[in-house]
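> Quick one: the structure is below, and I'll ask about it shortly.
The values are calculated or read from the model by the stated rules, or taken from the named source; none is laboratory data. Remember, predicted model here, so these are calculated numbers, not experimental data. Counting neighbours? That spans all protein chains shown, and the Cβs are built from the backbone with ideal geometry, glycine included.
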C-alpha cells in the first residue's frame, strides 16, 4: 500500500472528525511516538441501522443523504497487532469495506485486505452482516476465522446465505467457550461472556480483550444493566477501558417506540448507575453504539458536553488506544 494512498485514505475518512477528547485520535497522535505493538481503534460508533437511518427525515439524518459524514459508521472496533502483523475486527458491519480500509491505513505494517480474525457479539444486522463481503461476490477470502459463542456459530451453519461462506471456506467458525481465553498470540487474548439481550437467533456476547498492559471490555448491546449477572461498576473497576451500550440517551428520544421490543440501558440510566464510580476511574468508560437520534453522536451537543464534563468518554471514529 503506497504511502500517499494511505495518507489520502486517513484524511478522507477522518474529514470532519471531532474527537471526544478522551482517546488518542489518529489525527493527533504524538509526533515521533512510534507505533504501539498492540492498538485498539474505534471504527464505528453508530447503532445497527447507521446514519443516515433508512426512512429518517429528521434533522439528525436529512443532511446526511446528500452530504454523508464519513465519521459515522456502524459500531466496530479494530485491533492492530504490530508484532504479529495481524488485524482483527470486533463486529462485521455493513460498513466493513471502509472500516477495513481505515484499519489497513492505520497499520504500521503491510496489512492484507481481509482481517486475520473477526469477533461477533450476536446475530443482529449491524454486527454480522458485513461477513457477506468475505464471500465469492466480493473478496472471496480463504478461511477467515470468525469467533463467537456457539449459538452464533450454529446460526451461521444452519442458515443461508451464511452457510455458503462456510461451504466455500471463505470463513471458518471458531466457537468460544464462555470465560475461556482465546490466545491470539503470546501477548493478546480474548474472552467471551454472555449478556442479556434479544436473542432471537443467537446468544449475545460481550468481549474482554487483554493485551500486555490493559484489559478492555466491549459490550455494545445489552438489555438493562440490572439484568446482567455481573455488576457494571465492578466490571469497570477491574478493566482499564470499557466500551458500553449507549443506544438511546433517554426515554424522550424514542417516545414512539415500545421499549419492551428494544430494551437498552438509557445513557442517563448508565450515568446514574456510574455515579458511584470514583471520578479518576470514569475516564475508563466510553459510550458506543448510539442510535441515529442519540445527541451523543454530535460532539457539540449539550448531552455530549455534559457526559464528557462528568469525566466519561464518547467513542469517536479514529480514537485509538494502546493496549
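Condition check ((1) crowded, with 18+ Cβ neighbours inside 10 Å; (2) part of a loop (DSSP other than H, G, I, E, B)) across all residues:
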residue	(1), (2)
163	no, no
166	no, no
177	no, yes
180	no, yes
183	no, no
190	yes, no
193	yes, no
198	no, yes
202	yes, yes
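> Within region 204-232, work out how many residues are in a loop (DSSP other than H, G, I, E, B) and under 18 Å from the mean Cα position of the chain (by Cα).
The total comes to 7.
> Residue check: is residue 303 closer than 30 Å to residue 55 by Cα and surrounded by fewer than 21 Cβ atoms within 10 Å (Cβ to Cβ)? Show your work before the answer.
On the way: closer than 30 Å to residue 55 by Cα: yes; surrounded by fewer than 21 Cβ atoms within 10 Å (Cβ to Cβ): yes.
Taking the combined requirement at face value, the residue satisfies it.
> Is it the case that region 259-272 has a residue that's in contact with a helix residue (DSSP H, G or I) (Cβ under 6 Å, 6 or more places away or on another chain), at pLDDT below 95 and surrounded by fewer than 18 Cβ atoms within 10 Å (Cβ to Cβ)?
Filtering region 259-272 for residues in contact with a helix residue (DSSP H, G or I) (Cβ under 6 Å, 6 or more places away or on another chain) gives 265.
The next check asks that each one be at pLDDT below 95; those that pass are 265.
Subsequent filtering for residues that are surrounded by fewer than 18 Cβ atoms within 10 Å (Cβ to Cβ) retains none.
The answer is no, given that none of the residues of region 259-272 is in contact with a helix residue (DSSP H, G or I) (Cβ under 6 Å, 6 or more places away or on another chain), at pLDDT below 95 and surrounded by fewer than 18 Cβ atoms within 10 Å (Cβ to Cβ).
> Would it be correct to say that residue 162 is in contact (Cβ under 8 Å) with a residue 24 or more places away in the chain, closer than 20 Å to residue 129 by Cα and touching a helix residue (DSSP H, G or I) at 6+ places or on another chain (Cβ under 6 Å)?
yes
> If you go through region 233-253 one residue at a time, do you hit one that is in a loop (DSSP other than H, G, I, E, B), surrounded by fewer than 21 Cβ atoms within 10 Å (Cβ to Cβ) and without any contact (Cβ under 8 Å) to a residue 12 or more places away in the chain? Before the answer, list the steps.
Just the residues of region 233-253 that are in a loop (DSSP other than H, G, I, E, B), to begin with: 238-240, 246-250.
Filter again for surrounded by fewer than 21 Cβ atoms within 10 Å (Cβ to Cβ), leaving 238-240, 250.
Checking the rest, the ones that are also without any contact (Cβ under 8 Å) to a residue 12 or more places away in the chain come to none.
Looking through region 233-253, none of the residues is in a loop (DSSP other than H, G, I, E, B), surrounded by fewer than 21 Cβ atoms within 10 Å (Cβ to Cβ) and without any contact (Cβ under 8 Å) to a residue 12 or more places away in the chain.
> Quick check on region 273-288. Is at least one of its residues under 17 Å from the mean Cα position of the chain (by Cα), modelled with pLDDT under 95 and not in a strand (DSSP E or B)?
no
> Shifting gears a bit: Which of (1) assigned to a loop (DSSP other than H, G, I, E, B); (2) surrounded by 18 or more Cβ atoms within 10 Å (Cβ to Cβ); (3) in contact with a helix residue (DSSP H, G or I) (Cβ under 7 Å, 6 or more places away or on another chain) is the odd one out, the single condition residue 70 does not satisfy?
Result: residue 70 passes all but (2).
> Can I ask one more? Out of 58, 73, 85, report the one residue that is modelled with pLDDT of 90 or more and within 16 Å of the chain's Cα centre (by Cα). Reasoning before the result, please.
Working: 58 fails: within 16 Å of the chain's Cα centre (by Cα); 85 fails: within 16 Å of the chain's Cα centre (by Cα).
Within the list 58, 73, 85, the selection yields 73.
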